[in-house]
1. So for the range 74-91 (the condition being touching an Asp or Glu at 6+ places or on another chain (Cβ under 8 Å) and closer than 17 Å to residue 61 by Cβ), does at least one residue qualify?
2. Among the residues of the range 78-98, count how many are in a helix (DSSP H, G or I) and without any contact (Cβ under 8 Å) to a residue 40 or more places away in the chain.
3. Residue by residue through the range 168-187, note down the ones that are part of a strand (DSSP E or B) and among the β-branched types (Val, Ile, Thr).
4. Given the structure, is residue 75 outside any loop (DSSP other than H, G, I, E, B) and either small (Gly, Ala, Ser) or touching a residue at least 40 places away in the same chain (Cβ under 8 Å) (or both)?
5. For the condition in contact with a Ser or Thr (Cβ under 9 Å, 6 or more places away or on another chain), acidic (Asp, Glu) and under 24 Å from residue 124 (Cα atoms), what is the one hit in 104, 50?
6. Provide a single number: the residues in the range 8-31 that are surrounded by 12 or more Cβ atoms within 10 Å (Cβ to Cβ), among the small types (Gly, Ala, Ser) and free of Cβ contacts under 8 Å to residues at least 40 places away in the same chain.
7. Which pairs turn up if I take residues in the range 99-118 that are of a type in the set (Val, Ile, Thr) and look for partners that are part of a loop (DSSP other than H, G, I, E, B) with beta carbon separation below 8 Å, at least 6 apart in sequence or on another chain?
8. Identify the residue in the range 46-78 that is among the acidic types (Asp, Glu) and farther than 17 Å from residue 136 by Cα and, among all such residues, is surrounded by the most Cβ atoms within 10 Å (Cβ to Cβ).
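The values are calculated or read from the model by the stated rules, or taken from the named source; none is laboratory data. This one's a predicted model, so the numbers in the text were calculated from it and none came from an experiment. No Cβ is skipped: glycine too gets one built from the backbone with ideal geometry, and neighbour counts run over all protein chains shown.
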Amino acid sequence: MDGTLTRAMHDFDAMRDALGLPFGLPILEALAELEPRARREKRAALDAMELEMADDAERQPGAVELLEHLTARGAPLGIVTRNGRDIADATLAACDLSRFFPAEHIVSRDCASAKPDPAGVHLALTNLSATPDEAVMVGDYLFDLQAGHDAGTLTVHLDTTGEFSWPEITSFGVESLHELLDAIRPA
């Protein structure tokens with residue numbers, strides 16, 4: 001979702017600093033290493049921070065066109081996010097994308113282990129009544145690609161910089177959602 005359907009806007013270093021977490025360690029993994037009380041407090045602070053950012057979320061160019069095309073083709077759509085469910089819902093609402101994703105097709109950190117663990121992708125596949133060979137995981141970051149790859153799906157790396165840093169776990173790379181739409185649209 002973030003950085004894929006929406007424009008990337010999270011400054012993870014600033015978020016880690018505000019939460020008093022070590023530099024370089026992913027936020028959710030750093031929180032998991034804390035004692036329970038500190039984890040709850042910092043998780044609540046993280047949720048508040050992310051919820052505030054969700055209100056400012058903007059659609060990635062081409063998101064609506066891609067989702068409309070896939071919906072018209074009858075493709076079931078799902079989201080696997082490291083965000084909490086409330087944050088995912090707020091982000092989709094702010095970007096007017098909620099209509100594409102039934103509630104049961106949104107897998108958050110509240111209902112499955114966070115990416116890069118493939119558990120969320122497996123749960124999404126179950127909820128979509130799909131198998132890995134019928135699915136594609138689209139993401140902008142290593143954890144998205146690892147989760148999709150480890151779940152056995154094709155992976156599409158959306159990298160607006162064109163650097164494509166993880167070719168070993170990427171099936172296909174695109175610089176925009178428009179490019180992805182062009183690649184799947186019949187000629």
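1. Yes, some residue in the range 74-91 is touching an Asp or Glu at 6+ places or on another chain (Cβ under 8 Å) and closer than 17 Å to residue 61 by Cβ.
2. Keep residues of the range 78-98 that are in a helix (DSSP H, G or I), which gives 85-94, 98.
With without any contact (Cβ under 8 Å) to a residue 40 or more places away in the chain added as a condition, the list becomes 85-86, 89-90, 93, 98.
Total satisfying the criteria: 6.
3. The one that is part of a strand (DSSP E or B) and among the β-branched types (Val, Ile, Thr): 174.
4. Numbers: outside any loop (DSSP other than H, G, I, E, B): no; either small (Gly, Ala, Ser) or touching a residue at least 40 places away in the same chain (Cβ under 8 Å) (or both): yes.
No; evaluated as a whole, the condition is false for this residue.
5. Working: 104 fails: in contact with a Ser or Thr (Cβ under 9 Å, 6 or more places away or on another chain).
Every option except 50 fails the conditions.
6. 2
7. 106/78; 106/81; 107/78; 107/81
8. Going residue by residue through the range 46-78, those that are among the acidic types (Asp, Glu) are 47, 50, 52, 55-56, 58, 65, 68.
Next, from what is left, pick out any that are farther than 17 Å from residue 136 by Cα: 47, 50, 52, 55-56, 58, 65.
Details: 47: 14, 50: 21, 52: 11, 55: 10, 56: 11, 58: 12, 65: 13.
Restricting to residues being among the acidic types (Asp, Glu) and farther than 17 Å from residue 136 by Cα, the top hit is 50.
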